[in-house]
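For reference, the structure discussed in these notes is given below.
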Amino acid sequence: MPATIDPAATAWLLAATAMVLLMTPALAVFYGGMVRSTGVLNMLMMSFIAIPLVTVVWLVAGYSLAFGDDAGGGLIGGLEHLGLAGINPDSVRGTIPELLFVTFQLTFAILTAALVSGAIADRAKFAGWMVFVPLWTLAVYAPIAHWVWGPDGWLLNFGALDYAGGLVVEITSGASALALALVLGPRIGFNIDAMRPHNLPFVLLGAGLLWFGWFGFNAGSALGATGTAAAVFLNTLIAGSLGMLGWLIVEQIRDGKPTTFGAASGAVAGLVAITPSCGVVNTLGAVLVGLAAGVVCSFAVGWKHKAGYDDSLDVVGVHFVGGIVGTVLIGLLATQVMTGGVNGLFYGGGFAQLGKQLVAILVVAAYAFTISFALGKGVDKIIGFRVSKEDETAGIDFALHAETAYAEGVHGSSPRRFGEGHYGT
């Protein structure tokens with residue numbers, strides 16, 4: 001019997017896809033609030049430009065490489081869907097239109113690329129970023145997505161679990177972010193100047209919009225309007241809440257005051273950690289995952305100051321470390337009530353699943369870091385990936401985009417008058 005489209009599943013995934021796409025503008029606002037006022041427009045642009053760049057390469061080859069039939073060894077998809085060849089409105093994947101599945105997975109790829117930009121805020125050339133993103137999507141994201149989610153992907157067959165992107169999105173973006181941070185080097189004044197967020201209301205607004213989109217990200221990965229989707233939805237809310245509480249508890253004990261920045265960061269940390277585990281742990285597991293992420297990531301964001309790498313907006317401390325927390329805890333907290341068969345260590349499953357999760361983390365992190373470092377070095381050597389010291393000191397918004405975000409302040413006003421072009425002509 002030919003596969004048929006489930007209208008309810010399709011309707012839910014249409015909504016979820018729109019929610020996930022919103023996460024990239026939400027990330028732009030979140031990141032934009034975290035940088036200094038002279039770099040906010042550049043930060044917004046680095047997220048927004050990922051939408052068209054990733055869309056183009058995804059339609060040309062990315063989807064086929066990630067979700068096409070395996071080309072051998074579970075390492076990469078075939079080329080049968082180049083330019084979406086062979087996919088039409090009647091094509092079905094499971095119980096949903098394949099074109100919708102293409103779009104849903106595209107929104108994941110867009111967000112993952114945008115996440116990487118946070119590590120190189122305030123010092124990256126926009127042109128270098130525009131070259132890096134398409135290459136990275138094809139060379140890093142698509143292969144890892146195939147390993148974990150693609151037909152006969154080797155990590156899928158190995159038995160590693162990643163429900164909605166702990167490996168594919170969080171650990172991949174975090175390891176790639178660390179690689180680029182090392183390629184570009186630290187900002188001028190790193191570990192000397194405070195470099196505080198310039199707009200905390202932006203940070204909270206961005207975090208709130210990210211949280212909203214995360215319901216589509218996680219529950220949409222059920223690919224249907226089902227009881228599993230409902231459980232994942234609740235787990236996502238629980239983990240975000242406990243992540244916020246965990247981070248604020250640490251701040252209160254360590255620093256004497258809970259902060260708005262900590263609240264936003266803690267919620268995101270909890271959401272990051274539940275991403276891989278939302279469909280494999282129960283509600284108690286979601287509590288533990290969120291709480292652990294909030295506590296661990298609140299300390300992890302400070303590691304960069306001791307290690308000397310400048311991860312500007314804590315992509316490593318929150319997304320990489322949070323992704324590891326959530327992926328490892330699958331090996332402890334997975335329950336067959338959710339997985340349909342696999343139990344973690346705490347539910348009588350032994351160490352087998354934990355071992356599989358650790359192998360997957362090491363392989364994905366190593367591959368993403370190595371290839372991203374090589375790509376970053378290549379871009380830097382060919383066209384340059386870092387702005388000049390003069391432009392970085394003066395503020396990169398006007399230097400790179402001929403615009404500023406704010407009308408007041410030495411670095412906040414444009415010398416152009418109404419009606420003038422970008423170069424005062």
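Below are the figures for this structure:
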{"item": "Pick from segment 85-100, criterion open to solvent by 10 Å² or more (accessible area, probe 1.4 Å) and under 26 Å from the mean Cα position of the chain (by Cα), ranking: nearest to residue 169 (Cα to Cα)", "result": "100"}
{"item": "Count of residues meeting criterion [among the hydroxyl-bearing types (Ser, Thr, Tyr) and more than 14 Å from residue 294 (Cβ to Cβ)] in segment 232-279", "result": "4"}
{"item": "Options 20, 40, 29: the member that is within 22 Å of residue 111 (Cα to Cα), open to solvent by 10 Å² or more (accessible area, probe 1.4 Å), touching a residue at least 12 places away in the same chain (Cβ under 8 Å) and assigned to a helix (DSSP H, G or I)", "result": "29"}
{"item": "Hits in segment 136-159 (condition: open to solvent by 10 Å² or more (accessible area, probe 1.4 Å) and more than 18 Å from the chain's Cα centre (by Cα))", "result": "151, 152, 154, 156, 157, 158, 159"}
{"item": "Given (1) farther than 19 Å from residue 105 by Cβ; (2) touching a helix residue (DSSP H, G or I) at 6+ places or on another chain (Cβ under 7 Å); (3) open to solvent by 20 Å² or more (accessible area, probe 1.4 Å); (4) part of a helix (DSSP H, G or I), number of the condition residue 191 does not satisfy", "result": "(4)"}
{"item": "Odd one out for residue 332, checked against (1) closer than 30 Å to residue 222 by Cα; (2) open to solvent by 60 Å² or more (accessible area, probe 1.4 Å); (3) over 23 Å from the mean Cα position of the chain (by Cα)", "result": "(2)"}
{"item": "Residues being assigned to a loop (DSSP other than H, G, I, E, B) and closer than 21 Å to residue 238 by Cα - total across segment 289-342", "result": "2"}
{"item": "Residue list for segment 150-206, restricted to those being under 30 Å from residue 383 (Cα atoms), free of Cβ contacts under 8 Å to residues at least 40 places away in the same chain and aliphatic (A, V, I, L, M)", "result": "192"}
{"item": "Selection within segment 379-402 - of a type in the set (Gly, Ala, Ser), in contact (Cβ under 8 Å) with a residue 40 or more places away in the chain and surrounded by fewer than 22 Cβ atoms within 10 Å (Cβ to Cβ)", "result": "384, 394"}
{"item": "Segment 1-17 - residue that is of a type in the set (Ser, Thr, Tyr) and farther than 30 Å from residue 44 by Cα and, of those, least open to solvent (accessible area, probe 1.4 Å)", "result": "10"}
{"item": "Residue match in segment 223-238 (condition: closer than 24 Å to residue 31 by Cα, at pLDDT 95 or above and either open to solvent by less than 10 Å² (accessible area, probe 1.4 Å) or within 16 Å of the chain's Cα centre (by Cα) (or both))", "result": "yes"}
{"item": "Near pairs, Cβ below 6 angstrom, 6+ apart or cross-chain, from segment 283-301 (under 16 Å from residue 258 (Cα atoms) and open to solvent by less than 10 Å² (accessible area, probe 1.4 Å)) to any residue that is of a type in the set (A, V, I, L, M, F, W, C) and not in a helix (DSSP H, G or I)", "result": "none"}
{"item": "Residue among 359, 316 that alone is modelled with pLDDT of 95 or more, of a type outside the set (Ser, Thr, Tyr) and crowded, with 19+ Cβ neighbours inside 10 Å", "result": "316"}
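The values are calculated or read from the model by the stated rules, or taken from the named source; none is laboratory data. Predicted model, so just to flag it, every value in this text is computed and none were measured. So basically every Cβ, Gly included, is an ideal-geometry build from the backbone, and we count neighbours across all protein chains shown. Note: accessible area is taken over every heavy atom of the protein model, side chains too, but ligands, DNA and RNA are not part of it. Shrake-Rupley method; radii C 1.70, N 1.55, O 1.52, S 1.80 Å.
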